[in-house]
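One structure below.
Each reported figure results from applying straightforward, stated rules to the coordinates on display, with no laboratory input. None of the values given here were measured: they were computed from a predicted structure. Glycine also receives a Cβ, built like all others from the backbone with ideal geometry; neighbour counts cover every protein chain displayed.
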Amino acid sequence: VAMMLSFTFRLEDEAKEIEDAVEAVLDEGFLTNDIGGELTTDEITEKILEKI
């Protein structure tokens, strides 16, 4: 989504906000099963949305 906002719509600030939120959530140790965590995609999405 961040790449779409940045490259397609030239919304760099909005893209950066999403990227920063994703990075913060991952840095805090919130992970989905496919990358070694226990959260569902819905749960990780909620964590990211809380950061935005």
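Quick notes on this structure:
- Estimated from the Cβ-Cβ distance and a Förster radius of 25 angstrom, the FRET efficiency linking E14 and D34 is about 0.45.
- 222 nm mean residue ellipticity, helices alone, for the chain (DSSP H n ≥ 4; -39,500 (n - 2.57); rounded to 500): -16500 deg cm²/dmol
- Whole-Hz ³J(HN,Hα) from phi, Karplus 6.51 cos²θ - 1.76 cosθ + 1.60, for the stretch 28-33, glycine and proline x: 7, x, 7, 9, 8, 3
- The modelled label-to-label distance between M4 and E50, using points 7 Å beyond Cα along the C-beta direction, is 2.5 nm.
- The HN-Hα couplings worked out from phi for the stretch 43-50 by the Karplus form 6.51 cos²θ - 1.76 cosθ + 1.60 (θ = phi - 60°) are 5, 5, 4, 4, 4, 5, 4, 5 Hz, whole numbers, x standing for Gly and Pro.
- Global form of the chain, assessed from the alpha-carbon gyration tensor, a/c cut-off 1.5: prolate
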